[in-house]
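The values are calculated or read from the model by the stated rules, or taken from the named source; none is laboratory data. What you see is a predicted model; the values in this text were computed from it and never measured. Cβ coordinates were reconstructed from backbone atoms using ideal geometry, including for glycine residues, and neighbour counts include every protein chain displayed.
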Amino acid sequence: MKSTKDILTKLGACTEAVKWAGRKTPKKAWETCKRGDWLLWIASKLDIDRKKLVLAACACARTALKYVPVGEDRPRIAIETAEAWTRGEATIEQVRTAAYAAYAAADAAASAAAYAAADAAYAAAYAAARAAYAAAHAAYAAYAASAAAHAAAHAAARKDIADIVRKIIPFSVICKAIAGYEGKE
């Protein structure tokens, strides 16, 4: 198995992530990364099952729902609709409609939490890689916004989201995907 740094470079990761990876093994990197958005990005680039990605993005976005104004249900509905899609209980069109509604709520309230929900739903309806990353990023942006730029709260939110991603997409799944990815080269 290649080094994490080599894998990230080949996948086109940002300079910051490649530098962070350094000499870490893929397992060590997955287990210690405090950036849930990076974990979702890697999983998407390794072609992890789209439904798993959407579930992880939704779980990340759920953490930000407490920051959505009371009575604004569109972000929660977008998450629930995306989750229903993963179970075969909603169509992509329903997910798109819910995502658009959540984006409208976000625009109306300028709410990072509402954007997190919309991005999670968008992950189901469109490109899982970009949207899953955006959902995780928006979720901890909502934490940060509520904490009025407290760096410790922002870092804790990132770690919470990374832990959520690892719970839904364990390293064993990533390990198999890395092996498949390396086999394609």
Could you tell me whether region 53-76 includes any residue that is under 23 Å from Ala177 (Cα atoms), in contact with a helix residue (DSSP H, G or I) (Cβ under 9 Å, 6 or more places away or on another chain) and either surrounded by fewer than 18 Cβ atoms within 10 Å (Cβ to Cβ) or among the polar types (S, T, N, Q) (or both)?
no
Just give me the residues in region 1-31 being free of Cβ contacts under 8 Å to residues at least 60 places away in the same chain, in a helix (DSSP H, G or I), within 15 Å of Cys175 (Cα to Cα) and β-branched (Val, Ile, Thr), in sequence order.
Thr4
Do you know which of the residues in region 48-70 that are outside any helix (DSSP H, G or I) and at pLDDT 85 or above is farthest from Leu11 (Cα to Cα)?
Asp49
